[in-house]
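Scroll down for the structure; my scribbles are underneath it.
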Amino acid sequence: MAESTCRVLRDGALEGELAPALTIKDSILTPLSFHVFDYVLSQLSSYVLAGKSQSSGMVIVALTRSPSYYVNMLNSGGIDGVSMDKWHVLLQKLKGCGQIGSCPDSSSGVTVFRDVRNLEKLFSAVLELGKGIVGQGKDRFCIAIDSVTELLRDVPLSSLAGLLSNLRSHERVSSLFWLLHSDIHNTSTNAAVEYMSSIVASVESTAQLKSGQQGLFLLEQNLRKAKLRMRLKRRNGRVRLMSEEIHVEQSGVTFTSISSEESVAQTLVPKVHFNLQLSEKEQLDRSKVVLPFEHQEEQNGVATEAEKSGMTENSSRGEIIYLRDSDDERPDSDEDPDDDLDI
Amino acid sequence: MERSSNLLDEALGIIYDNSSLSSSSSSLPNGSCVLIEDCVETSASFVIHHILKRSLSPNSSSSVVFLSLSHPFSHYDRILRKLGCNLAAQRDNRRFFFFDMLMLGCTEQSLGNIHSGGLIELYGKIQKAIEDSNSSSGNSKCITIVLDDFSLIEVAAKGSFNHSLDFLRYCYTLTSEFGCSLVILNHEDIYLEEESATPILQMEYLANILIKAEPLSTGLAADVHGQLTVLNKGTYDKTRNSMNKGLGLEERAWSHGQLMRNVVPSRLGVPSMLRV
């Protein structure tokens, strides 16, 4: 499912729509969001390289890790110096101060941006770099920001929101993704950032820490394994919830799916004392029940209670005519038949 | 005879062997960032001394850039001499760079200057030392940057955590630029009273090895000073190009005898190992 998220980012935005945006958030108990970020980054990079994605370049705004980390990562992922011109790492760490960048400016696709507090300048810098990569045509590019948490240290939420929504609505931006450490911000900030993204991937602990329990071993376990919960808002407004397990291994991260029943039970069904799911036997039993409107064909043989008592002798007979749409739908299903329409 | 490698080495990912002659094996893994959190009752400065000793051991080629805000050179010199390491000689060998920052933010020159560039100037000095050291030795060797301690950087920055964290971030970039490792000592309990514990959280996100020194949860004991919790998140090693998973988590007790030499961590629940 992490892959399907990458595909959504790969497919990018339609004309006149906001670009899809992914928030990757975690907390200190499961600090694995960087692994997810790297995974998305390398997946998107390979799509870009293969020419499969809408975007034909990428701008990385590096605030947490130094650009050389990304250059190394992309290099080790098989992206050599020749194609490095499709990436641009925007280092953003020096605040209006003089000559202390250890990165030489504009070598191997790294540009140093010095004025962090001025997000309008950052916006135009990102666009300029992006256009520099993909040219002046109609090609689009995608943007990675690590991390929004760092930006929020210096600017108020309102300006950050302005930056993100401006980027999302720009015609040359295909998709965005960014990192958020949720426990550093208050709830409203987290919510605001999540509202601005079409996909939220949150890294959560697989087991809950009980009070009084010593959580050391749990913490250790969380460094290797966690649950990735995704909330994906589709174009038609429908929301899909998915969960996956992340495993951190020597070679990188791998994702395994949690069985769907379990994940549905965990995400959708509220905590109730009665059972909302049917067992197999119960479903079988239910399918055998003849519903009232299905008596009609056997009407001749069976007399209703009303007829028995003789009350309907002279009155005209009422009838309910029901034609079932399809056989695969259960007779008492309350599913909306027009659900699949894209309105 | 000292054991070749102890539990703390193991947890930090230091491979130390007295008998082996291989060089640069006894320093921290490249690119690692170690955050040491201690509190008033249990000081963890001995971890810094231990890392110093390992990094400057004769069969290693790594060097140390030391930023001291809490003690003068003579303090460390005395302690390390007891541990069998001559800091003054190492300083002359240009393997130990000592920045005496006791007066940071106090002198008239740096007063008022600290926001606009005092810390940035300091960063420039560190960067220059590293570049010099790298260029003189030819091949890039492992350099450990030690910051003792971070809370005093905050004091020097007039209590602005944001500025101090910026400084830390600049230093952090050196870990991937030059393959240095970064060791920071900070006090956990000074952030306890704040409404949210975000300052310490932001530093914990940065670190890939987190060491916490706390008093024993069971109370005071005559020999045992406290316990260390080491959380090694693993580092990305450029040279090996793979994720290096160290120990996930270890719990130790340590004892402070009369001599610093007696500081030997051991696993909790193994009391016989506490005395050396």
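The values are calculated or read from the model by the stated rules, or taken from the named source; none is laboratory data. Quick caveat, the model's predicted, so the values are computed rather than measured. Glycine gets a Cβ as well: all are built from the backbone with ideal geometry, and neighbour counts include every protein chain shown. We work out accessible area using only protein heavy atoms, side chains counted, and drop any ligands, DNA or RNA first. Shrake-Rupley method; radii C 1.70, N 1.55, O 1.52, S 1.80 Å.
Taking each residue of segment A:123-150 that is in contact (Cβ under 8 Å) with a residue 40 or more places away in the chain and assigned to a strand (DSSP E or B) and looking for partners that are surrounded by 24 or more Cβ atoms within 10 Å (Cβ to Cβ) and hydroxyl-bearing (Ser, Thr, Tyr) with beta-carbon atoms closer than 6 Å, six or more apart or interchain, yields A:ARG140/A:SER55; A:ARG140/A:SER174; A:PHE141/A:SER55; A:CYS142/A:SER55; A:CYS142/A:SER174; A:CYS142/A:SER175. Of note, B:GLY179 does not satisfy the criterion of being within 22 Å of A:LEU152 (Cβ to Cβ) and over 14 Å from the mean Cα position of the chain (by Cα). Count of segment A:4-39 residues, restricted to those that are aliphatic (A, V, I, L, M), within 13 Å of chain B (Cβ to nearest Cβ) and open to solvent by less than 50 Å² (accessible area, probe 1.4 Å), is 2. When only residues in segment B:32-52 that are assigned to a loop (DSSP other than H, G, I, E, B) and open to solvent by 20 Å² or more (accessible area, probe 1.4 Å) count, which is nearest to B:GLU204 (Cα to Cα)? For segment B:32-52, the residue satisfying everything is B:CYS39. Among the residues of this structure, A:SER46 counts as one that is more than 18 Å from the chain's Cα centre (by Cα), touching a residue at least 24 places away in the same chain (Cβ under 8 Å), in a helix (DSSP H, G or I) and surrounded by fewer than 23 Cβ atoms within 10 Å (Cβ to Cβ).
If you go through segment A:57-88 one residue at a time, how many are within 21 Å of A:GLY135 (Cβ to Cβ), hydrophobic (A, V, I, L, M, F, W, C) and modelled with pLDDT of 55 or more? Selection size over segment A:57-88: 6. All conditions in (1) at pLDDT 85 or above; (2) farther than 23 Å from A:SER66 by Cα; (3) surrounded by fewer than 22 Cβ atoms within 10 Å (Cβ to Cβ) hold for B:GLN127, with the sole exception of (2).
Within segment B:53-68, the set of residues being open to solvent by less than 10 Å² (accessible area, probe 1.4 Å) and not in a loop (DSSP other than H, G, I, E, B) comprises B:ARG54, B:SER55, B:SER63, B:VAL64, B:VAL65, B:PHE66, B:LEU67, B:SER68.
Restricting segment B:177-199 to residues that are within 14 Å of chain A (Cβ to nearest Cβ) and among the polar types (S, T, N, Q) leaves a set whose member that is surrounded by the fewest Cβ atoms within 10 Å (Cβ to Cβ) is B:SER196. Taking the criterion of being more than 16 Å from the chain's Cα centre (by Cα), more than 14 Å from chain A (Cβ to nearest Cβ) and open to solvent by 10 Å² or more (accessible area, probe 1.4 Å), the residues of segment B:151-176 that qualify are B:GLU154, B:VAL155, B:LYS158, B:GLY159.
Annotation note: Cβ proximity below 9 Å between a residue of segment A:49-60 that is part of a strand (DSSP E or B) and a residue that is among the polar types (S, T, N, Q) (sequence gap 6+ or interchain) occurs for A:SER55/A:SER174; A:SER55/A:SER175; A:SER56/A:SER174; A:MET58/A:SER45.
Considering segment A:152-164, and only residues there that are in contact (Cβ under 8 Å) with a residue 40 or more places away in the chain and not hydrophobic (A, V, I, L, M, F, W, C), the residue that is nearest to A:GLU128 (Cα to Cα) turns out to be A:GLY162.
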